[in-house]
Amino acid sequence: MSRKPVEPLHVIKQRREAALKALVNAIPYIEFLGVEFDRHGDELTGIMRYSDHLIGNPVLPALHGGATAAFMETVAVIELSWRFFWEDIESGEIDASALTPETMPRLPKTIDFSIDYLRSGLPRDAYARARINRFGRRYASVHVEAWQDHREKLFAQATGHFLMPARDE
C-alpha cells in the first residue's frame, strides 16, 4: 500500500496565505481601516495600522470608537471564517487562489456585537485577537481583545454573536 506523498511545506503555507488574503479581501472596508493579519499556524492576530484618518478626537488624540469597533468585529468575522473554512482549505476543496469576492463562500453575519471601551486608543498601531467561545452549526459566540503596546493592557474588549452560513452554501 503506497502512501500519499507529503505536500511540501511551502505549498501548504502558500495555500493558507492565499486563503487568508481571500477572506480579508471579501470585507470591503478592511483596506480603508488598514487592517492586516499575522498568521502563525491557526492563530490569527489582527493589526490595524495607525493612520490619521482613524482619529476620532484630535484633541487627545484618540482612535475613533467606530474604527475600533469595526476593527474588532472584522477580527471576529475573519477568525470565525478561518475556522469555518479550515478543513476545506487544508483539503484543497476550496481553491483559495481562485477565490474572488464574487466566488467567496458566505461569511458569518453579525447578530449583535457589544464593546467595552476600557481606555482611549492611542495614535499608534492596534492589535486584536478573537477567541471563539461557542462554534455551532448555525451560531457562534466570540470574545475579542484589543491592545496597543502591551497585550495585558487592553484598550477595548468585545463579545459578538454570529449567524454561521449553512455548510451547503
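The values are calculated or read from the model by the stated rules, or taken from the named source; none is laboratory data. This is a predicted model, so every value here is computed, not measured. With ideal geometry, Cβ positions are generated from the backbone for all residues, glycine too; neighbour counts draw on all protein chains shown. Just so you know, the surface numbers come from the protein's heavy atoms only, side chains and all, with ligands and any DNA or RNA stripped out. Shrake-Rupley method; radii C 1.70, N 1.55, O 1.52, S 1.80 Å.
With +1 on each Lys and Arg Cβ and -1 on each Asp and Glu Cβ, how big is the dipole of the chain about its Cα centre, in debye rounded to the nearest 20?
Values: 21 positive and 24 negative charges, 68 e Å.
Result for the chain is approximately 320 debye, rounded to the nearest 20.
Between GLU90 and THR110, what FRET efficiency follows from the Cβ-Cβ distance if R0 is 35 Å, with the result rounded to 0.05?
The formula returns an efficiency of 0.85 here.
Using every alpha carbon pair in region 36-169, what percent of pairs falls into each 5 Å bin from 0 up to the bin containing the largest distance?
Calculated P(r), rounded to whole percents: 2, 10, 19, 20, 18, 14, 9, 5, 2, 0, 0.
Just to compare against my own numbers: the Cα pair-distance distribution for region 73-121, 10 Å bins, whole % per bin, please.
Percent of pairs per bin, in order: 20, 44, 20, 14, 2.
With a cut-off of 8 Å between alpha carbons and a minimum separation of six or more residues, what is the relative contact order of the chain in percent?
Numbers: 275 pairs, mean separation 39.4, N = 169.
23 percent.
Roll a 1.4 angstrom probe over the protein heavy atoms and tell me the percent of accessible area of region 1-152 that is carbon or sulfur.
Ligands and nucleic acids excluded, carbon and sulfur give 51 percent.
Applying a 10 Å radius around every beta-carbon, put 39-45, 74-80 in order of their mean neighbour count, most first.
On the way: 39-45: 11.9, 74-80: 24.7.
The densest-packed peptide leads the list: 74-80, 39-45.
Before rounding to the nearest 500, sum -39500 (n - 2.57) across all DSSP H runs of length at least 4 in the chain and divide by the residue total; then give [θ] at 222 nm in deg cm²/dmol.
Value at 222 nm, helices only: -9500 deg cm²/dmol.
I need the calculated FRET efficiency for the pair LEU163 and ARG39, taking r as the beta carbon distance and R₀ as 30 Å, to the nearest 0.05.
0.75
Taking 45 Å as R0, compute the FRET efficiency from the Cβ-Cβ separation of ASN25 and ARG119 and round it to 0.05. Mind showing how you got there, number by number?
Details: r = 32 Å, r/R0 = 0.71.
Here the calculated transfer efficiency is 0.90.
Residues of region 50-127: accessible area per residue at 1.4 Å, in Å²?
Ligands and nucleic acids excluded, the figure is 52 Å² per residue.
So for the pair LYS153, GLN14, with labels modelled 7 Å out along Cα→Cβ, what separation do we get in nm?
Using points 7 Å along Cα→Cβ, the separation is 4.3 nm.
When the C-alpha atoms of region 8-80 are aligned to their principal axes, what extent does each axis show, in angstrom, from largest down?
52, 17, 17
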